[in-house]
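Report on the structure given below.
The values are calculated or read from the model by the stated rules, or taken from the named source; none is laboratory data. What you see is a predicted model; the values in this text were computed from it and never measured. Positions of Cβ are backbone-derived with ideal geometry, glycine not excepted, and every protein chain shown enters the neighbour counts. All accessible areas refer to the heavy atoms of the entire protein, side chains included, with ligands and DNA or RNA removed. Shrake-Rupley method; radii C 1.70, N 1.55, O 1.52, S 1.80 Å.
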Amino acid sequence: MTTFSSTLVDLRSDTVTQPTAAMRDAMLSAPLGDDVFGDDPSVNALQEQIAGMLGFEAALFVPTGTQSNLCAILAHCLRGDEYIVGQMAHCYRWEGGGAAVFGSVQPQPLNHQPDGTLALDEIEAAIKPDDAHFARTRMLALENTLGGKVLPFAYVEQATQLAQRKGLSRHLDGARLFNAAVAQAAERGTDARTEARRIAGCFDTVSVCFSKGLGAPVGSALCGSREFIARAHRIRKMAGGGMRQAGVLAAAASHALEHHVERLAQDHALARRLAEGLAGIAELQVEAPQTNLLFVDLAGTARSRSAELLAHLKQNGVLATGLYRLRFATHLDVDANGIDRAIGAIRSFFHA
């Protein structure tokens with residue numbers, strides 16, 4: 001049972017979690033070395049663990065998902081190359097333009113379909129011919145989950161097979177890969193670890209975040225071939241990602257992989273509970289959640305009242321983010337009582 005560190009119901013993000021008592025114990029007892037020298041046993045064990053789970057030869061522990069995606073793009077692409085990516089993909093929109101700034105790698109963004117996918121014909125049309133007028137198209141980047149939506153697995157197969165036929169490398173921003181895997185497992189009647197490996201198997205490289213739904217305090221991993229990870233390792237060093245006794249953090253990530261994957265189903269159930277509790281409020285348009293992220297649009301005159309609503313929620317001990325579109329994230333530091341408290345606060349604001 002998680003012991004909550006605050007009376008607040010913090011639904012701003014699944015990055016706000018505190019380490020559990022068991023995770024803190026694992027961190028405290030972690031054997032340490034110097035990861036820049038490659039001899040931190042806890043980092044090495046984590047890298048082997050996540051690579052093995054997802055079916056890759058090697059992995060690289062990095063401080064953040066942003067750095068993981070940056071290392072991936074710059075290891076796949078050279079100066080003057082480009083990568084195809086969605087308009088709302090994190091590695092394009094919310095990572096400071098790092099690939100372009102630091103690597104002179106041009107993004108080719110495409111619009112998303114309503115289910116979060118990129119249309120296959122648009123991907124193909126975006127691949128540039130071998131002509132000096134164009135940047136060289138080198139890579140397709142997908143994200144799963146995207147805005148809490150699970151990319152349909154049949155689509156993932158089709159898109160990555162198209163990229164492979166066209167000679168492109170394939171990278172997955174799997175910051176919430178295990179959320180996608182848990183939802184996909186429920187649909188297919190399998191287990192989350194099988195589905196995570198199934199999804200990852202469609203890609204040349206995969207980035208996984210430990211500090212979101214898995215609940216670790218810090219860290220991501222980039223998985224790929226040994227040759228690729230060697231290139232990414234050099235880029236991590238240039239990007240300032242070489243850490244020393246990083247095993248303290250790696251131990252938390254290892255604990256999360258061992259104990260916090262299957263429990264993501266609880267977060268998904270709580271997101272559905274929240275959505276059901278907000279149903280019927282005229283001023284809200286509630287998007288049915290697929291995983292742990294719930295999006296709610298303010299409609300009509302309520303669109304101008306977002307700041308007032310967020311202040312009301314905070315006064316009632318509930319934290320959320322958004323403007324006319326609100327986002328609520330469920331995670332291991334939120335329980336059913338907290339969700340019911342959030343429902344009550346929102347309904348009281350709208351007198352519903």
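Compared with the direct C-alpha span, the chain from ALA45 to ASP131 gains 26.5 nm at full extension, assuming 0.36 nm per residue.
Leaving out ligands, DNA and RNA, what percent of the accessible area of the range 163-297 is carbon and sulfur, probe 1.4 Å?
Values: 2490 of 5250 Å².
Carbon and sulfur together cover 47 percent of it.
Given the options ARG234, ARG93, ARG165, which has the most mean-square fluctuation in a GNM of the chain, springs set between C-alpha atoms less than 10 angstrom apart? Highest fluctuation among the options: ARG165.
Over the chain, what is the relative contact order in whole percent, taking alpha-carbon pairs under 8 Å and six or more residues apart?
Numbers: 708 pairs, mean separation 87.3, N = 352.
Computed over the chain, the figure is 25 percent.
Using the Cβ-Cβ distance between ASP34 and ARG327 with R0 set to 51 Å, the FRET efficiency from 1/(1 + (r/R0)^6) comes to roughly 0.85.
In percent, what relative contact order does the range 184-335 have, based on Cα pairs under 8 Å that are 6 or more apart in sequence? If you can, show how the numbers build up before the last one.
Numbers: 170 pairs, mean separation 25.8, N = 152.
The normalised contact order for the range 184-335 reaches 17 percent.
The stretch between TRP94 and GLU262, if pulled fully straight at 0.36 nm per residue, gains 57.7 nm over its current Cα-Cα span.
Using R₀ = 41 Å, calculate the FRET efficiency as 1/(1 + (r/R₀)^6) where r is the Cβ-Cβ separation of ALA269 and VAL101; round to 0.05. Efficiency, from the Cβ-Cβ distance: 0.50.
Heavy-atom accessible area per residue, the chain, 1.4 Å probe: how many Å²? Each step should come with its number before you reach the end.
Details: 15350 Å² over 352 residues.
The answer is 44 Å² per residue.
Here the range 265-352 is described by how far its Cα atoms reach on the three principal axes: 35, 25, 20 Å, from widest to narrowest. Using a/c under 1.5 as the rounded threshold, could you call the chain rounded, prolate or oblate? The axes a ≥ b ≥ c are square roots of the C-alpha gyration tensor eigenvalues, and prolate needs a/b larger than b/c, oblate otherwise. Since a/c reaches 1.5 but b/c is at least a/b, the shape of the chain is classed as oblate.
The modelled label-to-label distance for the pair ALA311/ARG165, using points 7 Å beyond Cα in the direction of Cβ, is 5.7 nm.
In terms of accessible area, using a 1.4 Å probe and ignoring ligands and nucleic acids, LYS237, LYS128, LYS314 rank largest first as LYS314, LYS237, LYS128. Each eigenvalue of the Cα gyration tensor of the range 73-162, multiplied by 5 and square-rooted, gives one semi-axis; in descending order these are 22, 16, 10 Å.
For the range 188-326, rounded, prolate or oblate, judged on the Cα gyration tensor with a ≥ b ≥ c (square roots of eigenvalues), a/c < 1.5 rounded, else prolate if a/b > b/c? Mind showing how you got there, number by number?
Numbers: a/c = 2.38, a/b = 1.85, b/c = 1.28.
In terms of gyration-tensor shape, prolate.
With all protein chains in place and ligands, DNA and RNA left out, the 1.4 Å accessible area ranks MET88, MET23, MET238 as MET238, MET88, MET23, largest first. Among ALA288, ALA175, ALA299, the largest mean-square fluctuation in a Gaussian network model of the chain, built with springs joining Cα atoms closer than 10 Å, belongs to ALA299. State whether the range 27-96 is rounded, prolate or oblate according to the following rule on the C-alpha gyration tensor (a ≥ b ≥ c being the square roots of its eigenvalues): a/c under 1.5 gives rounded; otherwise a/b larger than b/c gives prolate, and the remaining case gives oblate. Because a/c hits 1.5 or more and a/b exceeds b/c, the range 27-96 counts as prolate.
Here the range 49-80 is scanned for amide nitrogen atoms under 13 Å from the site 7 Å beyond the Cα of MET238 along Cα-to-Cβ, giving 70-80.
Extension gain for ALA299 to ASN111 (0.36 nm times residue separation, less C-alpha to C-alpha distance): 65.3 nm. Each stretch of four or more DSSP H residues adds -39500 (n - 2.57); spread over every residue of the chain, this sum gives -13000 deg cm²/dmol at 222 nm. Axis of helix 336-349 versus longest Cα principal axis of the chain: the two differ by about 60°, to the nearest ten degrees. Diagonalising the gyration tensor over the Cα atoms of the range 1-119 and scaling each eigenvalue by 5 before taking the square root yields semi-axes of 32, 23, 13 Å, largest first.
For the range 257-305, the percent of C-alpha pairs falling in each 5 Å distance bin, counted from 0 to the bin holding the largest distance, reads 5, 21, 22, 17, 14, 9, 5, 4, 2, 0. Distance between the 7 Å Cα→Cβ label points at ARG197 and GLU124: 3.3 nm.
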